[in-house]
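Worksheet: the structure to be examined is printed underneath.
Here, each number is a calculation from the coordinates, and none is a lab measurement. None of the values given here were measured: they were computed from a predicted structure. Neighbour counts are summed over all protein chains in view; Cβ atoms, including those assigned to glycine, are modelled from backbone coordinates with ideal geometry.
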Amino acid sequence: QYAKITCTGRYVPENTVSNHQLSTMMDTSDEWISSRTGIRSRNVVTNENTSDLCSKVAEKLLEKSGKKAEELDFIIVATMTPDYGTPSVACLVQGNISATQAFAFDVSAACTGFVYALSVGEKLIRTGQKLGMIIGGETLSKVLDWNDRSTAVLFGDGAAGVLIEASNEEHFLKEKLQSDGKRGKSLTSGYVENNSPFYTGTSEGSAYMQMVGRDIYDFSLNDVTNNIEKIIEDDVDYLLLHQANKRIIEKISKKLKVPREKFLTNMEYNGNTSGASIPLLLDESIEKGIIQLGSNQKIVLTGYGGGLTWGSILLTL
Ligand SMILES: O=C(O)C1CCN(c2ccc(-c3cc(CO)ccc3Cl)cn2)CC1
């Protein structure tokens with residue numbers, strides 16, 4: 001049996017923060033942010049954590065599909081901003097929706113997390129599971145250094161996901177997943193201090209998000225373009241890339257010689273939501289009627305970011 005995406009859903013926090021609002025909090029401007037990133041606003045939690053956002057998505061997926069929670073065989077959450085080290089966000093979601101038959105785990109691959117998780121979920125279906133839920137969810141606002149304008153203006157909170165089910169038709173056509181730990185220090189977040197009386201080592205990192213923008217920019221233009229080239233086909237209808245920066249997407253489209261209008265974007269009102277960005281874009285594009293489940297449209301999903309990780313999946317809907 002094959003796997004097929006049968007439902008999509010999303011949830012973003014109510015609190016919308018405009019570029020202008022940020023310009024009253026730090027030395028930045030709407031002009032700088034929107035011209036350099038394409039971002040005009042983002043949504044930021046005030047009293048929710050990642051498991052809350054993901055649980056809202058889970059409830060929406062069940063409501064839209066008519067599936068019962070106890071039908072779920074597995075739940076995978078892709079996140080770099082979990083509530084806890086343990087329990088996983090996926091387990092917290094499982095508890096919240098009483099998916100009593102499911103096994104649940106998180107995937108840590110930053111902005112490529114949803115692509116990695118979808119790839120794993122597809123294999124679980126192909127080896128016999130019947131129904132899975134795969135969610136990308138982040139509360140990046142809790143790990144940002146809000147005094148560092150170079151990162152604080154780029155990121156947003158949100159969650160979105162899909163149901164995948166066993167199918168007789170083949171929908172997942174090709175994938176290429178990659179990582180490079182040697183370059184991992186270019187984007188870090190969530191370092192945990194060791195306070196043991198025995199520890200004499202140094203503190204390596206920061207709990208806050210730190211990014212060497214130049215390195216990530218160059219990586220995205222070079223490694224990510226090469227990755228897409230390995231799986232893309234001439235009749236691809238749309239490419240849904242991780243929504244990190246409008247200029248990088250324009251540069252990738254030029255380098256690939258693929259028309260810009262095939263690259264869907266939504267960073268304008270979400271900011272960079274890391275593992276949530278691709279499923280947010282997928283659900284929004286379906287709601288807008290640009291993409292339809294069951295249409296046989298051919299799309300590419302490409303994530304790229306912390307790890308460093310990057311990867312693409314070519315699939316038909
Ligand atoms: O000066 C400028 O133009 C600045 C230059 C620095 N910028 C960056 C740099 C890197 C990213 C980024 C982040 C991730 C992680 O999700 C993945 C992929 C990318 Cl390309 C986003 N923005 C903002 C505009």
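Summary of values
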{"quantity": "FRET E, pair R40, N168, Förster distance 45 Å, beta-carbon r, rounded to 0.05", "calculated": "0.55"}
{"quantity": "HN-Hα J in Hz across the stretch 298-306 - Karplus 6.51, -1.76, 1.60, θ = phi - 60°, x for Gly and Pro", "calculated": "9, 10, 10, 10, 10, x, 6, x, x"}
{"quantity": "Burial ordering of I231, I248, I134, fewest other beta-carbon atoms within 10 Å first", "calculated": "I231, I248, I134"}
{"quantity": "Efficiency of FRET between T86 and Y199 - r from beta-carbon atoms, R0 22 angstrom, step 0.05", "calculated": "0.60"}
{"quantity": "Theoretical gain in end-to-end length, N222 to E59 [0.36 nm per residue, Cα-Cα removed]", "calculated": "54.8 nm"}
{"quantity": "Zone residues, the stretch 167-192, relative to Y2, backbone N less than 18 Å from point 7 Å out along Cα-to-Cβ", "calculated": "167-176"}
{"quantity": "Relative contact order (%) - criterion: Cα under 8 Å, at least six apart; region: the chain", "calculated": "26"}
{"quantity": "Normalised contact order of the stretch 14-165, rounded percent, pairs of Cα under 8 Å and 6 or more residues apart", "calculated": "27"}
{"quantity": "Largest-first ellipsoid semi-axes for the stretch 63-180, taking √(5λ) over the Cα gyration tensor eigenvalues, angstrom", "calculated": "28, 18, 12"}
{"quantity": "Net length gained if the chain between K255 and Q297 were fully extended (0.36 nm per residue, minus Cα distance)", "calculated": "12.8 nm"}
{"quantity": "Sparse-neighbourhood loop sites, trypsin sites (Lys or Arg not before Pro) in the stretch 229-302 - DSSP loop, at most 11 other Cβ within 10 angstrom", "calculated": "K257, K288"}
{"quantity": "Residue-span extension gain [I290 to D180] - 0.36 nm each, minus C-alpha spacing", "calculated": "36.2 nm"}
{"quantity": "Inter-probe distance in nm under a simple model that places probes 7 Å from Cα toward Cβ, at D235 and E70", "calculated": "4.4"}
{"quantity": "Whole-Å distance, taken between Cα centres, linking the stretch 118-155 and the stretch 199-252", "calculated": "14"}
{"quantity": "The chain - mean residue ellipticity at 222 nm from DSSP helices (-39,500 (n - 2.57) per run, n ≥ 4, rounded to 500)", "calculated": "-8500 deg cm²/dmol"}
{"quantity": "Rounded to the nearest 20 debye, dipole of the stretch 136-272 from Cβ charges on Lys, Arg, Asp, Glu", "calculated": "640"}
{"quantity": "Exposed-loop-free span, longest in the chain, where chymotrypsin sites (Phe, Trp or Tyr not before Pro) count as exposed if DSSP calls them loop and at most 10 other C-beta atoms lie within 10 Å", "calculated": "1-197"}
{"quantity": "Percentage, to the nearest whole number, of Cα pairs in the chain over 33 Å apart", "calculated": "21"}
{"quantity": "The stretch 123-227: GluC sites (Glu not before Pro) in DSSP loop, at most 13 other beta carbons within 10 Å", "calculated": "E169, E170, E193, E204"}
{"quantity": "Net dipole in debye of the chain [+1 Lys, Arg Cβ; -1 Asp, Glu Cβ; about Cα centre; nearest 20]", "calculated": "640"}
